[in-house]
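K.L.:
Below: one structure in structure tokens.
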Amino acid sequence: MGLEMENSATAFSWLDYIVWVVYMIFVAYFGLKASGKQQNARDYFLGGKGLPWWAVLFSVVATETSTLTFISIPAVAYGGNLTFLQITIGYFIGRVIVALVFLPRYFEGEMFTAYTFLERRFGPSMRNATSITFMFTRLLADGVRLFATAIPLAILLRFGGAFEAWSDFQLYVMAILLITLVTLLYTFLGGIKAVVWMDVIQLGVYLGGAILAGLLLVQALPDGWQSFHQAVVASGKTQWFDWGWEGSWKSYLEQPYVFGISLIGGAVFSLASHGTDHLLVQRLLATGSLGSGQKALIGSGIVVILQFSLFLFIGLLLYTFYEGADVAALGLRTQDEIFAKYIVEQIPVGVSGLIVAALFAAAMSSLSSSLNALASTTLYDVIIPYRKKVLSAVEELSLSRGITLVWGIVLSVSSLIFASLQLQAGERPTVVELGLGIASYTYGGLLGAFLLGLISNLAQSRDALTGFFSGLISLLFMVNGPVQNLLPGEPLALAWPLYTAVGAVIVILVGEVSARVRKNTKTIE
């Protein structure tokens, strides 16, 4: 995605830059104040297991919301309709299942990471495989997410006029390093408490910024709501449900936004992301009780539906404001740039700086969560189990902070590599497709391993490992993405929401078959 746009916009004023800088200073200060004092690694990663459920609820929503949501979801409605909301219904159903089935297992005994359950069920080898997979996935996915954050921010900076002489890559470097440094400051010192409470603040900031932008859009329409009604209703852009039964089964399975695919795919993806990914499970464990964790998780599903509705609604307002003009007519490269164009060109001086701060808020809430979760998994699943010397509370806390710092550096480097590759590529894949491809490779395997441990009485460590790696390898050949392009054969023609479900089914089937074959072999012997 390039930055080559017509700069007919009103440049950022000094007031916009002041608002932006003041917000960044506030983030660092408040994050440190909210963290309190940590005496050991338990406080650092789980906040003493005493965080209120409502704060964790908002933290979960902020964690899974990135700058791509802020920028790209309005573009989905601008170029299409509201059928994306069908997936959010699946997200809600998946969270309810996690709350009722998975969480009770996590709260049985002392659990620091989501992979402790797999260790108890299948042994340390399975925990190692899944925790390392988690870290590798987060390294790639968050590198892409951090790079994606730099895209709209770099566009806004270029529009602002102060960095016209800078190259695209230089703008990306500045945006990535600035976000990382501020986020790392309060995450490094404050731990999970700082992360959660800053998530609450930053969720309010970027949702407030979105609502403000929506109100300004409504006021800018020549005939107000009448203009909106005439533009979007007549064009069919208010369609919420698409049953998709007109074509064949093959074509049905290829469409991501028909009701059945969205519902099943969204639910299964939510099972994997909220039931197996330590990035989100860690927050639920920090509430300290099963009931609080369940309220936080189920409540977050409702908030997510409302949040996506807001951003889709903004997309319809943008469609009305720009009279449905296509990308080329607006001087843009992709629809993803439509909201950024409006923010800089149309929003009043001073308020633009607040909206840019909201973009940073969405980015930092996701990054801080990743840093803390990666450090937690590294300490409890990779270092402590293989360390002969028992660490004191002070040593554990010091080591936790050191690991957080290392991951901050690693994620920055990963993001800069993605930026360099994207800018050099002749035909650039969208970062959304890149991120979904990475998640598809691993979420199916992780979910399948958890479900195998829950439903199978026969499966043992070897069976689980066989199923887990079979699922990962199979998806490499089936998912149309960067890795598949290097492999022989054609990708499986399935809509992206089904990838996780397919991977999980493969893990369960292979693991169960392996267990039965092993049992029958022993019986014959």
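No value in this document is a laboratory result; all are computed from the given coordinates. Keep in mind it's a predicted model, so treat the numbers as computed, not measured. Every residue, glycine as well, gets a Cβ built from its backbone with ideal geometry; the counts of neighbours run over all protein chains shown.
K.L.:
For Ile71, what charge total do you get from the other residues with a beta carbon under 10 Å from its beta carbon, if Lys and Arg give +1 and Asp and Glu give -1?
P.N.:
-2
K.L.:
Suppose a student asked you for the relative contact order of segment 231-314, using Cα pairs under 8 Å spaced at least 6 residues apart; what percent would you report?
P.N.:
Once divided by the residue count of segment 231-314, the mean separation gives 13 percent.
K.L.:
While we're looking at this one, here's another question. Around Val406, with a cut-off of 15 angstrom between Cβ atoms, what is the net charge of the other residues, counting Lys and Arg +1 and Asp and Glu -1?
P.N.:
+1
K.L.:
What is the fewest-to-most order of Tyr252, Tyr257 by other Cβ atoms lying within 10 Å of their Cβ?
P.N.:
Tyr252, Tyr257
K.L.:
Quick one: order Glu108, Glu512, Glu64 by neighbouring beta-carbon count within 10 Å, fewest to most.
P.N.:
Least to most surrounded, the residues fall as Glu108, Glu512, Glu64.
K.L.:
Could I ask something else about it? Alpha carbon centre of segment 348-398 versus segment 283-333: separation in Å?
P.N.:
23 Å
K.L.:
What order do you get for Tyr78, Tyr23 when you list them from fewest to most C-beta neighbours inside 10 Å?
P.N.:
Tyr23, Tyr78
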